[in-house]
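Notes for the one structure printed next.
The values are calculated or read from the model by the stated rules, or taken from the named source; none is laboratory data. Model, not experiment: these values are computed from the prediction. So basically every Cβ, Gly included, is an ideal-geometry build from the backbone, and we count neighbours across all protein chains shown.
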Amino acid sequence: MILSCQNISKSFGERTLFSNITFNIEEHEKCALIGNNGAGKTTLLKIIVQQSSPDTGQVVFARDTTFGYLAQYQEAEGDRTIYDEVLSSRQYLLDMEEKLRSLEHQMRSASGGALESLMNTYTRVNQQFELENGYAVRSEIQGVLSGLGFSPEEYDKPLSALSGGQKTRVSLGKLLLSKPDILLLDEPTNHLDMESVAWLENYLLNYGGAVLIVSHDRYFLDKVVTKVVEIENGSMLSYSGNYSAFALKKAQIRDAQYKAWLNQQREIRHQEAVIEKLKSFNREKSIRRAESREKMLGKIDRLEKPAELNTRMRLQLEPRITSGNDVLTVDGLSKSFPGQELFTDISFSIKRGERVALIGNNGTGKTTLLKIINGLLQADKGSFTLGTKVQIGYYDQEQQVLHDEKTLFQEISDTYPTLTETEIRNMLAAFLFTGDEVFTQIGSISGGERGRVSLAKLMLSESNFLILDEPTNHLDIASREILEEALTSYTGTVLYVSHDRYFINQTATRILDLTNRTLVNYIGDYDYYLEKREELTERYAPSREEGAALETVSENKLSWQQKKEAQAALRKKEAELARVEKRIGDLEEEDAAIDETMALPEVCSDYEKCTELSLQKDRIRKELEQLYARWEELA
C-alpha cells in the first residue's frame with residue numbers, strides 16, 4: 001500500500017461534500033476517481049496533497065513516498081522557456097553532469113593520490129549518472145514534449161507567452177519527468193489533442209509508479225485504470241476493473257438494490273393489509289395476531305429507496321420538420337490565416353440521419369470549418385450547399401451565442417418569445433436551474449453551466465441538422481451519457497467536433513479526419529478509425545513530403561496509356577457512385593411513401609393491400625442493403 005485515505009469528511013458551511021471516504025492505493029496501481037461535477041473530487045485531491053484540511057479522517061502515505069500533483073489550472077509565469085522549465089524537473093541530473101565535467105577538468109592537471117581520489121569520485125558519480133539514465137535526459141525531455149504536442153519550434157517560447165492550456169501541458173511534462181512514486185492528476189487530458197492523449201495513455205500504462213486520476217474521459221480511463229473509486233451523494237464506492245466494467249457493475253448493483261427495495265415494499269404492504277383485515281374481525285384472537293404481526297413489522301430493517309439521479313439533465317432532441325435526403329454538400333473549400341494554411345480543396349457530403357464526427361489535432365481547422373458552414377466565417381475558396389428544409393442548430397464551444405449581460409431567463413425568453421414563464425422555468429429546471437437561479441447573469445456562471453444553457457436552447461430549436469463544437473466540454477460523465485442517449489435517438493442529422501473518443505464511439509456513424517490539410521473519410525466508429533488510420537492516411541492524405549515523393553514515383557512509373565486507363569477507371573467509379581446514391585435516394589422516398597399509404601384508414605383495414613405493400617417494403621429493404629454495401633466500397 002502506497003496511499004491510504006481513512007474516513008475523510010469535508011463540509012462547506014451547511015453543505016456536506018462527502019463523509020467517511022475510505023480507500024487505498026497499492027504500489028503500481030492505476031486508479032480513477034470519478035463523480036458528477038461538484039461531488040468533491042478536486043477537493044479530495046487537495047486534501048491528499050495537503051493543500052486543504054479534512055474535517056475528519058487522515059491521509060497516510062507509505063514511508064519515503066514521493067508524490068506529484070497536477071492541478072486543473074496552472075499559474076506558471078516568468079521568462080524561462082518551455083524547454084528549460086521542463087528540464088528543471090531533472091535538475092539533479094544536470095548538477096551531476098556539471099560535476100562530472102568539473103572532475104574531468106580537475107583530472108587533467110592532477111597526479112598521484114589526488115588523481116586516484118578524483119578518479120574514484122568520478123567513477124562513483126558516473127555510475128549513478130548512468131543508472132539515472134542521465135545521458136539520455138535531453139532526448140527523454142524531447143520525447144515527452146513531443147508527446148504532449150509541442151513542436152521543436154515552440155521549445156524557446158517563454159512561459160509568460162503561453163495560454164492556460166499550454167502551461168498545464170508544461171506542468172504535466174515536468175511532473176511526468178520527475179517520476180514520483182504516485183501521480184495525482186486532475187483532468188490531465190483537458191488540453192490535449194487525440195494524439196497526445198493516446199501518447200499519455202501509453203506513458204501511464206508503462207509508468208512504474210502508482211496513479212490516481214480525476215477524469216471525465218471514459219475512453220482514457222478504459223485504457224489506463226484498473227480500479228474506479230466513485231463519489232456519489234457524499235459517499236464512496238470502490239470497483240475493480242476499468243470504466244466499462246465499473247459502469248456495468250454499478251448498473252447491476254443499482255438494479256439489485258431497486259428490486260430488493262420493491263420486494264420489501266411489496267411484503268410490507270401485504271403485511272399491513274393482513275393486519276388491517278385481522279383487526280376488522282374485531283375478535284380477541286385476531287387482534288392478538290394483528291398486534292403480533294405489527295411487532296414483527298416494526299422490527300424489519302427497512303431498506304432505503306435507491307437514490308434516483310435527480311441531478312441529471314433531461315435532454316430530448318427532436319426535429320420539428322424532416323429535411324431532404326441531401327443535408328450538406330461541401331465543394332472545394334479552402335481556408336488560410338496569415339502564416340497558417342488550415343485546409344485546401346476539401347469536399348464531402350452528409351446525408352439525412354447521419355451522425356458525423358469531425359476529428360483532428362488541435363489547430364487543423366475543425367472549429368473554423370464549422371464556423372464557415374454556419375456562415376460565421378468566409379472560406380477563401382469553394383462553396384457549400386444546404387439541402388431542402390435544412391434547419392441548423394449550432395452549439396458553440398466558446399458559448400459566443402450566449403449573452404453575458406442577460407439572465408438565464410432572458411436568454412431563453414428573448415430567443416423564444418412565444419414561451420410562457422412556466423414553460424421557460426420548466427425548461428431551465430430540466431437543465432438543473434431552479435428557483436432564483438434562473439435570474440443569474442450568464443456572465444457569472446461556470447463553463448459547465450453555460451454548456452447546459454446552450455443545450456437547453458438547442459433542444460428548444462427543434463432543428464433537423466445539429467452542428468456541435470465540443471459538446472461534451474465541461475460536462476460530467478452522467479451528463480455526457482444523457483447527451484449520447486439524446487443524439488442516438490435523434491432522427492435528424494448531426495455534424496460535431498469532439499476529442500471525447502468514448503462519445504464518438506457511442507454516437508458516430510461516420511468519421512471525417514482533418515489531417516495534412518485535407519479530409520479522410522472513415523465509415524465506422526472510433527475503433528474502426530484507429531484500425532484503418534495509418535493505411536487510409538497514407539493513401540488519401542500523405543504529408544506534403546510524402547505526397548511529392550509519391551507523385552514523382554507515379555510520374556516515372558506510369559506510362560501515358562496507363563494514366564489514361566486509370567483516369568477512365570476513376571470516372572467510371574465516380575459515375576457508378578452517383579447512380580448508387582440516386583437509387584438509394586429514390587428507394588428511401590418510395591419506402592416513405594409506402595409508410596404514408598399504409599397509415600391511411602382505408603388501406604390499413606385492407607388485409608390484401610397491406611400484404612402487397614409489406615412485400616414491396618421487404619423488396620426495397622433488401623435492395624437498399626445491397627446498395628449501401630456497394631456505396632461503402634465506392635465511397
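Residue by residue through the range 216-263, note down the ones that are in a loop (DSSP other than H, G, I, E, B), among the aliphatic types (A, V, I, L, M) and farther than 29 Å from His191 by Cβ.
Within the range 216-263, no residue meets the criteria.
Table: residues versus (1) among the small types (Gly, Ala, Ser); (2) in a strand (DSSP E or B); (3) without any contact (Cβ under 8 Å) to a residue 60 or more places away in the chain.
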{"site": "Ser4", "(1), (2), (3)": "yes, yes, yes"}
{"site": "Lys10", "(1), (2), (3)": "no, yes, yes"}
{"site": "Ser19", "(1), (2), (3)": "yes, yes, no"}
{"site": "Ala32", "(1), (2), (3)": "yes, yes, no"}
{"site": "Asn37", "(1), (2), (3)": "no, no, no"}
{"site": "Leu44", "(1), (2), (3)": "no, no, no"}
{"site": "Ser53", "(1), (2), (3)": "yes, no, yes"}
{"site": "Gly78", "(1), (2), (3)": "yes, no, no"}
{"site": "Val86", "(1), (2), (3)": "no, no, no"}
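Considering only residues of the range 513-530 that are buried (at least 17 other Cβ atoms within 10 Å of the Cβ) and within 17 Å of the chain's Cα centre (by Cα), which is modelled with the highest pLDDT?
Selected residue: Asp513.
Of all residues in the range 596-623, which are modelled with pLDDT under 80, part of a helix (DSSP H, G or I) and within 22 Å of Thr322 (Cβ to Cβ)?
The answer is Met598, Val603, Cys604.
List the pairs whose first member sits in the range 342-363 and is in a strand (DSSP E or B), whose second member is aromatic (Phe, Trp, Tyr), and whose Cβ atoms are under 7 Å apart, counting only residues at least 6 apart or on separate chains?
Ala357/Tyr496; Leu358/Tyr496
Find all pairs meeting these conditions: Cβ atoms under 7 angstrom apart; at least six residues apart or on different chains; first residue within the range 457-470 and on the phi > 0 side of the Ramachandran plot; second residue of a type in the set (Gly, Ala, Ser).
Cβ pairs passing all conditions: Glu470/Ser498.
Would it be correct to say that Arg101 is loosely packed, with under 13 Cβ neighbours inside 10 Å and either under 30 Å from Glu232 (Cα atoms) or within 26 Å of the chain's Cα centre (by Cα) (or both)?
No; evaluated as a whole, the condition is false for this residue.
Matching residues to (1) over 30 Å from Arg583 (Cα atoms); (2) touching a Gly at 6+ places or on another chain (Cβ under 9 Å); (3) crowded, with 20+ Cβ neighbours inside 10 Å:
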| residue | (1), (2), (3) |
| --- | --- |
| Glu304 | yes, no, no |
| Leu333 | no, yes, yes |
| Ala357 | no, no, yes |
| Gly360 | yes, no, yes |
| Leu370 | no, no, yes |
| Lys381 | yes, yes, no |
| Gly387 | no, yes, no |
| Gly393 | no, yes, yes |
| Gln410 | yes, no, no |
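If you scan the range 65-105, which residues turn out to be among the basic types (Lys, Arg) and out of contact with any strand residue (DSSP E or B) (no Cβ under 8 Å at 6 or more places or on another chain)?
Matches in the range 65-105: Arg90, Lys99, Arg101.
Within the range 53-104, count every residue that is of a type in the set (S, T, N, Q), at pLDDT 90 or above and under 20 Å from Val211 (Cβ atoms).
So the count comes out to 2.
Restrict the check to the range 445-454 and report whether at least one residue is hydrophobic (A, V, I, L, M, F, W, C) and not in a helix (DSSP H, G or I).
Yes: the range 445-454 contains one or more residues that are hydrophobic (A, V, I, L, M, F, W, C) and not in a helix (DSSP H, G or I).
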